[in-house]
Amino acid sequence: MFSARALARFLSASFQTLAQAFRPGRCGTAAAALALGCALHGAAVAADQVVLRIGDQKGGNRSLLEISGVAKDQPYRIEWSEFPAAAPILEAINAGALDVGYTGDLSFLTVYAAGAPIKAIGGTRSNPKSQAVLVRQDSTIGSAADLKGKRIAGTRGGWGQFLVDATLEKAGLELDEATFVPLGPVDAKIALLAGSVDAWAVWEPYISYAELKDGARVIGDGAGLTPTVVFVVASDQAIATKRAAVQDFLQRLDRARLWSLDHLDVYARSTAELTRLPEDVLRRAYEAQRTSPIPIDDAVVREVQAAADRAVRYGILGKPVDVAKAVDRSFTSARAASN
């Protein structure tokens, strides 16, 4: 809504316009009234304009929308808030400070299972090889089977921890035959290079950076182990009160993501300027990911449900989650109808 001061300035300017209209040689009373009426209508529209509060990370959805040109002529206003990771985005949505954000599937389900009033309304999928377990170039570890007795870093409660457990299980190892070290990406990278951990479970663009700049090697990836799904998440309140704006934003984000697949060079160059990450790293990461929008349909729900059940078995999720209840498929239905 307008503040009292802003409204006073607007009315003053409007009446000055009206006075000008009544000057000799100007249009008559009806035209002047029409001009003032249109101006007042515009003020009402601006005052009532929907505001979407969206959580983002540097080089994330905001830059993608702007680089692709899809952000033009939005019938609502966006208030962007930048966060260092997805976890605080979820916390802010849960607290009512944000309307929309994005996060990995397991992180979302962890917060949802704790009772957060949120739903997944859309998403993207990346190549599962864009999640991997890395070792130093000089490491004696040649395969996942060699991780027995080793220390493996990764993020707790998300893709990192899940990939560690799934990799050990695939290699025929018990989960307690290696030590999981909960570290964020920055600290894990330092720990790997320093030798305080033996391996690191992480995702792009950290993989490409580690391989291109640090000489790290991949000994296992997420193929057949993880869904590699990122959800666009909205609060129940935003879904109920800002549905049209949320739907429009989601559709624009899907179009921008499809644009990026055909413009990887432009996307990498623009994001490199914004994030100060090396352009060759981002170009390689984007090529590896091939991130594409997906509908939240039965197949996605089944796949994420299987991962969630596995995460419960691993102790990553504290209790079973019904994924079908954690998603809102109406946005997928609306998208299909608009196409």
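The values are calculated or read from the model by the stated rules, or taken from the named source; none is laboratory data. These figures come from a predicted structure and were not determined experimentally. Ideal geometry is used to build each Cβ from the backbone, glycine not excepted, and the neighbour counts take in all protein chains shown. Quick note on the areas: whole protein, heavy atoms, side chains included, nothing else; ligands and nucleic acids left out. Shrake-Rupley method; radii C 1.70, N 1.55, O 1.52, S 1.80 Å.
Observations on the structure shown:
- The set of residues in the stretch 71-104 that are open to solvent by 20 Å² or more (accessible area, probe 1.4 Å), assigned to a loop (DSSP other than H, G, I, E, B) and either of a type outside the set (D, E, K, R) or touching a residue at least 60 places away in the same chain (Cβ under 8 Å) (or both) comprises A71, Q74, P75, F83, P84, A85, A95, G96, A97.
- Residue list for the stretch 72-89, filter: of a type outside the set (F, W, Y), farther than 18 Å from A240 by Cα and within 16 Å of the chain's Cα centre (by Cα): E79, S81, E82, P84, A85, A86, A87, P88, I89
- Evaluated against (1) of a type outside the set (G, A, S); (2) touching a residue at least 12 places away in the same chain (Cβ under 8 Å); (3) open to solvent by 40 Å² or more (accessible area, probe 1.4 Å), T228 falls short on exactly one condition, (3).
- The numbered conditions (1) open to solvent by 10 Å² or more (accessible area, probe 1.4 Å); (2) within 17 Å of the chain's Cα centre (by Cα); (3) of a type in the set (G, A, S) are all true for A234 except (1).
- Within the stretch 127-150, the set of residues being within 31 Å of the chain's Cα centre (by Cα), farther than 22 Å from E287 by Cβ and either among the acidic types (D, E) or outside any helix (DSSP H, G or I) (or both) comprises V135, R136.
- Helices (runs of 4 or more DSSP H) wholly inside the stretch 171-270 that include at least 2 residues being at pLDDT below 95 and touching a Ser or Thr at 6+ places or on another chain (Cβ under 8 Å): none
- Of the listed requirements (1) over 18 Å from the mean Cα position of the chain (by Cα); (2) open to solvent by 30 Å² or more (accessible area, probe 1.4 Å), A311 misses just one: (2).
- Some residue of the stretch 47-66 being over 25 Å from T332 (Cβ atoms), aliphatic (A, V, I, L, M) and open to solvent by 40 Å² or more (accessible area, probe 1.4 Å): no
- Within the stretch 296-317, residues that are over 24 Å from L173 (Cα atoms) and touching a residue at least 60 places away in the same chain (Cβ under 8 Å) reach partners that are acidic (D, E) and in a loop (DSSP other than H, G, I, E, B) with beta carbons closer than 9 Å, at six or more positions or on different chains, in the pairs I296/D328.
- Filter result (among the aliphatic types (A, V, I, L, M), open to solvent by 30 Å² or more (accessible area, probe 1.4 Å) and over 18 Å from V312 (Cα atoms)) within the stretch 143-182: A145, A171
- In the stretch 105-142, the residues that are of a type in the set (V, I, T), within 18 Å of T228 (Cβ to Cβ) and open to solvent by 20 Å² or more (accessible area, probe 1.4 Å): T110, T124
- Scanning the stretch 276-302 for residues that are part of a helix (DSSP H, G or I) and surrounded by fewer than 17 Cβ atoms within 10 Å (Cβ to Cβ) turns up E279, D280, E287, D298, A299, R302.
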